[in-house]
1. Calculated FRET efficiency, R251 and Q343, Cβ-Cβ r, R0 51 Å, to nearest 0.05?
2. So what's the gap between the Cα centers of the stretch 226-273 and the stretch 104-181, to the nearest angstrom?
3. What nm distance separates the two modelled labels at D73 and Y165, each placed 7 Å from Cα along Cα→Cβ?
4. With r as the distance between the Cβ atoms of S223 and L266 and R0 = 60 Å, compute the FRET efficiency 1/(1 + (r/R0)^6) and round to 0.05.
5. Which order, highest average first, do 135-145, 75-85 follow once you tally other Cβ atoms within 10 Å for each residue and take the mean per peptide?
6. In whole Å, what are the Cα extents of the stretch 152-300 along the three principal axes, biggest one first?
7. With only Lys, Arg, Asp and Glu charged, each at its Cβ (+1 for the first two, -1 for the last two), find how big the charge dipole of the chain is about the Cα centre; round to the nearest 20 debye.
8. Rounded to the nearest percent, how much of the accessible area of the chain (1.4 Å probe, protein heavy atoms only) is carbon and sulfur?
Amino acid sequence: MGSHTRGPGEYVRPEGRILLDDYGRPDGEYYASGTYHHQASLVRLQAGQRIEAELVPEPYNPWDARAVAYDVDGRRAGYLPASAARMWHDVVRAWNAAGFALYVRAEVNVWEGGGDARFGLTVPKWDWATLLALAVTAGLRTDWEAAADGLTERQRLLMREDGGYTPDESVLKVLLRKREQYPMFRWGGKGDGGLGERMPFWYGYFVREDIREERDRLRFARSLKADLLRGFKDEVRRRKQQEREGTRLLRREHAEKALRLHGEGLPVRDIAAELGLTPKQAEGVLYRARKEAGAMLNRNEDLQNERRLAAAEALRHKRSGMARAQIARVMGRSVDSVKELLQDAVFYEDPGSLPERLDLARRCAELRGTGLVKNEVMKKLGVTGAKALRAFRDASFLESSTRVEQNEAVRVPG
């Protein structure tokens, strides 16, 4: 490959200057290409000397239309490797057009070969993020969008067909014919191969970037849609749960009211009118209410029996001389729980020994007999919640004892 001689005015250094090292840190370094052919620019320097090298694009270089040279003090000293120059060429020209020359810090190196000292340049290797930021800031993305706007919808689709790597030649010919409208992008020479190889690097890259952004937007839209659907389903589920809860509460109210009215002697027809139901519906409510009440009664009786047995056990331990704390350890309960069990045991043995508690239990039983629900009974008792709950237990105990006595009386012959 021969050496390119720049024509007059081919490169005019802009007034502004940017030293890339002031804005980022290279992620490596490499040797500049072609320094062997530019020793005259380097021999006046010292090995290890730190210098500033200017990036100079050579769009009229007959051997590489996208070449980028390193100039030292206005004299060409080497080149970027061709693979890197293909990406950097348009970026450097865009910054030049904006009024800035680009520089990098380099170091002079020297090696011995065949008895002669040869000089070279160690230059920074910039990461992709830095190069992309330079390209976008210089306006290359905007210029590409302007070029793409001149394509038909079909041509844009063909451009994207394989991700912008080797677009259909019919589209590339259209872009090539319009290249004078977008001078920031440099096409490769005919010696570089087909139009796909000659196409400006940033054309293909921004096509891929557009595809990626659309994919991200679609992914975001799908995620948003999924979140909305999830939220909608959660809301529907919550409302259905509220409806089920409301229905359950209404059924419970109907059942409690139906039992109370039935206990007051009202016929099914009047109960149905009170509840806003048909007589057949009222019969169903009464049937289910009686069934549930019976199951609850059996469960309550089981709990009452367990309570009485525990109370009797606690009392036996006390009469054997054990303190409350010892009883609590033996029964696996708290001391306060043992205290309540002992009080219950006294009441269960002889209700008359605790007249105030007995009166409260009898009053509770009377109120329950009127058909009032539990909360209504507790309000009418006019005592603390704990005493009201104990009154319910005591009333159940009295009712159970009465049933037992009645059953015994029936079995004993007169």
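The values are calculated or read from the model by the stated rules, or taken from the named source; none is laboratory data. Worth saying up front: this structure is predicted, and the values here are computed from it rather than measured. With ideal geometry, Cβ positions are generated from the backbone for all residues, glycine too; neighbour counts draw on all protein chains shown. Ligands, DNA and RNA are stripped out before the accessible areas are found, and what is left, the full protein with its side chains, is counted by its heavy atoms. Shrake-Rupley method; radii C 1.70, N 1.55, O 1.52, S 1.80 Å.
1. With R0 = 51 Å, the Cβ-Cβ based efficiency is 0.85.
2. Each part's Cα centre sits 71 Å from the other's.
3. 4.7 nm
4. 0.50
5. 75-85, 135-145
6. Principal-axis extents of the Cα atoms in the stretch 152-300, largest first: 109, 32, 21 Å.
7. For this selection, approximately 2100 debye.
8. Of the solvent-accessible surface of the chain, carbon and sulfur hold 52 percent.
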